Protein chains: 2
Amino acid sequence: MIKFEVLHVCKQSGARLGKLTTPSGVFETPIFMPVGTQATVKTLSVEEIKEVSEGLILANTYHLWVQPGTDVIDLHGGVKPMMNWDGALLTDSGGFQVFSLAKLRDIKEEGVYFKHHKSGAPLFLSPEIAMDIQTSLGADIIMSFDECPPAKASYEYQKNSLDRTIRWAKRGKDHLKSDQALFGIVQGGLYEDLRKHSVEELVKIGFDGYSIGGLSVGEPKREMYRITEFLNPILPFDKPRYLMGVGAPEDLVENVINGVDMFDCVLPTRNARHGTVFTTEGKVNIKNLQYEMDLNPIDPGLPSPISKYTKSYLRHLYKANEILAMRILTYQNLLYLKHLMSEIRQAIKEDRLLDFKNEFYQKTNYKID
Amino acid sequence: MIKFEVLHVCKQSGARLGKLTTPSGVFETPIFMPVGTQATVKTLSVEEIKEVSEGLILANTYHLWVQPGTDVIDLHGGVKPMMNWDGALLTDSGGFQVFSLAKLRDIKEEGVYFKHHKSGAPLFLSPEIAMDIQTSLGADIIMSFDECPPAKASYEYQKNSLDRTIRWAKRGKDHLKSDQALFGIVQGGLYEDLRKHSVEELVKIGFDGYSIGGLSVGEPKREMYRITEFLNPILPFDKPRYLMGVGAPEDLVENVINGVDMFDCVLPTRNARHGTVFTTEGKVNIKNLQYEMDLNPIDPGLPSPISKYTKSYLRHLYKANEILAMRILTYQNLLYLKHLMSEIRQAIKEDRLLDFKNEFYQKTNYKID
């Protein structure tokens, strides 16, 4: 089980500073959680994950269920002992991957029949199975099984899907036997009335926290912000709100102002592997010729163990396809998001998050596309 | 400059225990040097390289000359400051890569005209240019520019090539202005008279050490051992002997007995990326199904920071294409070779290297194919 407490509300922005107590650690919110899809944050060791996270990371149910499978994970006693992670863990329900990765879905009331995204093997996930798998994975915080419709789904589709997702949320909660904290997932696309309906029904069932799903799935950023702003006064004040799959620096700033407490995203790790780096000055593309002879560290504003490497050397490593480049850039991207979230929390404490936001856009090249 | 001293000769095997003093560290020999082709040992950080090496590594002239180029390396003050390596460094001359990687070679007395192995750009290397590049790279120990003919080259070809390589060695030495230690490279293929001729002529020129090139290029292992055994009494006793490109565990044991002091090879790092692991019990293929439910560390006989990971987890990471798998397996492979070389040195000190060799083959699955 978890405990959550709002410690302070920023007088300038309305953003929340919270305290999330889990069996595996106590965390200040708002918090960003690095993604360890396959029981490892890509390219990093557990020691490095410690350094660039707050101690709370995410793993993906769909991937780990398919490989190595729950028998291997059960043998280790869960994902955390398997990967030697002594921090806290959150798992998603597999719902998002079923709808984003898997092929030939057949959505029934009982669950979803689909084919594995690589092997094509037939698979079935239901609210109950998603709970059982997540109990094997052993995370501190787990998610309800939901459908995540595409951004462009019609009102009719969203409404039917949402009603089923609510029934699934109830079934999952009824099935869960462990004392893992369970979050319900708010869906409803870009339709405010559906989002409101989703929150109301989930709150009736009652969850330890509320995730916001169905955003960052192709809609314009302003639309995402509109929905989180709409949800801010509707979601229960005293429970954590987790915006799923969002992690661009500007999205963190904007959505914290809209009352979000928790974030995860593959962006920092994926960007790193493509040479795109988050720094205190903004986005940097290490491949650019301008860094060929640049002896500065990748982020002079954020001293760290990787500051000893020059941009010139990192550019060389990246162009030479050296894995060390991806390691260093992944480290930087996650460290920057950790740093940004700590700055955001400080600004909330000081009731100046709107000032911070203005400085953030002035001092960096981050922007809302 | 370097200093080399034979401290002890194993009474049982004739193997040499030596002390190699470089401007960047003092090393006991025989020693294995991990390969950092592009100014990084693949997948590892410099901190990790320290842990799995003796503090002496190799970088490749051809690769670094082509990318990032000597202008970038000069800007950093050499490869060592560029990669933040505070140990010692050895570079090859580029000769091997010109003959193994590059296309459309035209070998003239003045040097080799060839095309870049990827871009096809026209390039030229000569004994003098190879010295200049290696002076930019700034290694403690550098190599003469040589031709490395294929294992199956005819006697006639080997002889002509060898005579030119000797003339190139002289030109390189005459051209070198720095105080870097320069090794001559013994060639001559599998022909003992040519090998003898090569040693005699190189010794007349006079070098700080003698490399044995042209082995591990496709010939049977027994042929390689025959040549090193032949060279053992011929090479100057008081200079280090470096067998280039050799690093299989059994080859280290056999060639130390044949008087070799230094080794390098990409095998441990390349094998790691293909899931093949060197352990104190022998070779392990982490992909094998037998490790799916194996909770033991990868090498129970060699405790290290990676012993916390189970074989089952490593197999999962490898099958999931996670870079962490390659990191951990690279670490293990290099750590094992470091361990093996320290065992070999201890056995030399105790005049029991032949006993050690017998135990090595009995206790492991390493063998001479």
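Every read-out reported here was derived from the displayed coordinates using simple, explicitly stated rules and does not represent laboratory data. On a predicted model such as this, the values are computed, not experimentally measured, just so you know. A quick note on method: Cβ atoms are made from the backbone with ideal geometry, for glycine too, and the neighbour counts reach across all protein chains shown.
Per-structure values
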| read-out | value |
| --- | --- |
| Rounded if a/c under 1.5, otherwise prolate or oblate - the range B:1-154, Cα gyration tensor axes | oblate |
| Sparse-neighbourhood loop sites, chymotrypsin sites (Phe, Trp or Tyr not before Pro) in the range A:159-240 - DSSP loop, at most 12 other Cβ within 10 angstrom | A:Phe237 |
| Label-point separation, B:Asp355 to B:Arg226 (7 Å along Cα→Cβ), nm | 3.2 nm |
| Whichever aspartates and glutamates have a C-alpha closer than 14 Å to that of B:Lys308, once near sequence neighbours (fewer than 8 apart) are set aside | A:Glu47, A:Asp86, B:Asp294, B:Asp299 |
| Rough spin-label spacing in nm, given labels placed 7 Å along Cα→Cβ, for A:Ala151 and B:Gln67 | 3.4 nm |
| Interchain or long-range residues, amide H under 5 Å from A:Asp351's placed H | A:Lys11 |
| Mean-position separation - Cα centroids, the range A:6-55 and the range B:176-236, in angstrom | 58 Å |
| Trypsin sites (Lys or Arg not before Pro) restricted to the range B:55-148 and DSSP loop, no more than 13 other C-beta within 10 Å | B:Lys108, B:Lys118 |
| Total formal charge among the other residues, if their Cβ is under 12 angstrom from that of A:Asp193, Lys/Arg +1 and Asp/Glu -1 | +1 |
| Hz values of 3J(HN,Hα) by residue in the range A:73-86 - Karplus curve (6.51, -1.76, 1.60), Gly and Pro given as x | 5, 4, 4, 7, x, x, 5, 5, x, 4, 8, 6, 9, 9 |
| Cα centroid of the range B:94-126 to Cα centroid of the range A:322-361, whole Å | 47 Å |
| Vicinal HN-Hα couplings computed from phi for the range A:16-25 (Karplus, 6.51 cos²θ - 1.76 cosθ + 1.60; Hz; Gly/Pro x) | 9, 9, x, 10, 10, 9, 10, x, 10, x |
| Cut-off 9 Å between beta-carbons: net charge of the residues surrounding A:Leu182, Lys and Arg +1, Asp and Glu -1 | 0 |
| Kirkwood Rh and Cα Rg combined as Rg/Rh, chain A | 0.96 |
| Cα-based reach from A:Lys196 at 16 Å (exclusive), listing lysines while leaving out same-chain residues under 8 positions away | A:Lys159, A:Lys204 |
| Net charge dipole size for the protein assembly as shown [Lys, Arg +1 and Asp, Glu -1 on Cβ; Debye, nearest 20] | 860 debye |
| Computed P(r) (all Cα pairs; the range A:276-369; 5 Å bins; percent) | 3, 13, 22, 23, 16, 11, 7, 4, 1, 0 |
| Size of charge dipole - the range B:29-264 - debye, nearest 20, with Cβ of Lys, Arg +1 and Asp, Glu -1, no other charges | 640 debye |
| Helix B:127-137 vs. chain B, principal-axis angle (Cα, 0 to 90°, nearest 10) | 50 degrees |
| Residue (of B:Val277, B:Gly172, B:Phe356) at the positive-pole extreme of chain B, dipole from beta-carbon charges | B:Val277 |
| Calculated FRET value between A:Asp238 and B:Lys287, using beta carbons and R₀ = 60 Å, to 0.05 | 0.75 |
| Computed [θ] at 222 nm, deg cm²/dmol, chain A (DSSP H ≥ 4; -39,500 (n - 2.57); rounded to nearest 500) | -12500 deg cm²/dmol |
| Inter-chain shielding of B:61-70 (mean C-beta neighbours from other protein chains, 10 Å cut-off) | 2 |
| Footprinting exposure proxy for B:Ser53, B:Ser136 (fewest neighbouring C-beta atoms within 10 Å first) | B:Ser136, B:Ser53 |
| Convex hull of the protein assembly as shown built on C-alpha atoms - directionally averaged projected area, nm² | 32.9 nm² |
| Size descriptor, Kirkwood hydrodynamic radius, that averages inverse alpha-carbon separations across the range B:222-267, Å | 10.6 Å |
| Cβ-Cβ FRET estimate between B:Leu104 and A:His8, R0 fixed at 60 Å, reported to 0.05 | 0.30 |
| Whole-Hz ³J(HN,Hα) from phi, Karplus 6.51 cos²θ - 1.76 cosθ + 1.60, for the range B:155-171, glycine and proline x | 4, 4, 4, 4, 5, 5, 4, 4, 4, 5, 4, 5, 5, 5, 4, 5, 4 |
| Label-point gap, in nm, between B:Lys118 and A:Val26 - each point 7 angstrom along Cα→Cβ | 5.1 nm |
| Cα gyration tensor category, rounded, prolate or oblate, for the range A:115-231 with a/c compared to 1.5 | oblate |
| Hits among lysines - C-alpha to C-alpha of B:Lys311 under 18 Å, sequence gap 8 or more where chains match | A:Lys80, B:Lys283, B:Lys287, B:Lys319 |
| Relative contact order (percent, whole number), chain A, Cα cutoff 8 Å, 6+ residue spacing | 19 percent |
| Among A:Tyr62, A:Gln12, A:Pro81 the positive-end extreme of the charge dipole of the range A:4-89 (Cβ point charges) | A:Gln12 |
| Peptide A:311-324, shielding by other chains (average Cβ, 10 Å cutoff) | 6 |
| Helix axis angle, B:221-231 relative to chain B longest principal axis, alpha carbon, degrees | 50 degrees |
| Extreme residue, positive dipole direction of the protein assembly as shown, given options A:Gln187, A:Thr37, B:Leu123 (C-beta unit charges) | B:Leu123 |
| Size of electric dipole in the range A:240-285: Cβ of Lys, Arg +1 and of Asp, Glu -1, about Cα centre, debye, nearest 20 | 220 debye |
| A:Gly282 long-range amide H proximity, modeled H, under 5 Å | A:Asn365 |
